[in-house]
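Student: One structure follows; several queries about it will come next.
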Amino acid sequence: MRILAIDYGTRAAGIAITDELRLTARPLATIRWSGKDRTFLFAEIQRYINTYEVSELVVGLPLSMDGTTGAAAK
């Protein structure tokens, strides 16, 4: 089973997927939902989970350049 990584932003989310051995990850897609409800984002993530047989999700924590918790992380 694979791991799906999500880099969540205010208008888009970057999606990456691991190989089957979970040794490497590669970018998969950028999901943009500008003007759309987040329901669209969740449906797309669910589609990737089903397609790639994902067993775990990892969501990035957006920190400031100095490593502190910024507004996006709050």
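The values are calculated or read from the model by the stated rules, or taken from the named source; none is laboratory data. Predicted model, so just to flag it, every value in this text is computed and none were measured. Here Cβ is always computed from backbone atoms with ideal geometry, including for glycine, and neighbour counts include all displayed protein chains. All accessible areas refer to the heavy atoms of the entire protein, side chains included, with ligands and DNA or RNA removed. Shrake-Rupley method; radii C 1.70, N 1.55, O 1.52, S 1.80 Å.
Student: About the Cα centre of the chain, what is the dipole size in debye to 20, counting +1 per Lys and Arg Cβ and -1 per Asp and Glu Cβ, all else neutral? Mind dumping the intermediate values first?
Tutor: Values: 9 positive and 8 negative charges, 54 e Å.
Dipole of the chain, to the nearest 20 debye: 260 debye.
Student: When only the heavy atoms of the protein chains count and the probe is 1.4 Å, how do R11, R38 rank by accessible area, highest first?
Tutor: Working: R11 165, R38 120 Å².
So the residues, ranked largest to smallest area, are R11, R38.
Student: Send over a whole-number figure in Å² for the accessible area per residue of the chain, probe 1.4 Å.
Tutor: Details: 5360 Å² over 74 residues.
Solvent-accessible surface per residue comes out at 72 Å².
Student: Express the carbon and sulfur contribution to the solvent-accessible surface of the chain as a percent, rounded to the nearest whole number, probe 1.4 angstrom.
Tutor: On the way: 2910 of 5360 Å².
Accessible surface attributable to carbon and sulfur in the chain totals 54 percent.
Student: I've got another one for you. To check you understand DSSP bridge types, tell me what percent of the beta bridges within the chain (both residues inside) are antiparallel, rounded to 5.
Tutor: Working: 13 of 18 bridges.
Around 70 percent of the beta bridges assigned by DSSP in the chain are antiparallel ones.
Student: On to the next question. Taking the Cα-to-Cβ direction at A72 and at A43 and moving 7 Å from each Cα, how far apart do the two end points lie in nm?
Tutor: Those two pseudo-labels are separated by 2.6 nm.
Student: Then there's this: For region 1-63, what are the per-bin percents of Cα-Cα distances with bins 5 Å wide, up to the bin holding the maximum?
Tutor: Per 5 Å bin, starting at 0, the Cα pair percentages come out as 4, 18, 31, 24, 14, 6, 2, 0.
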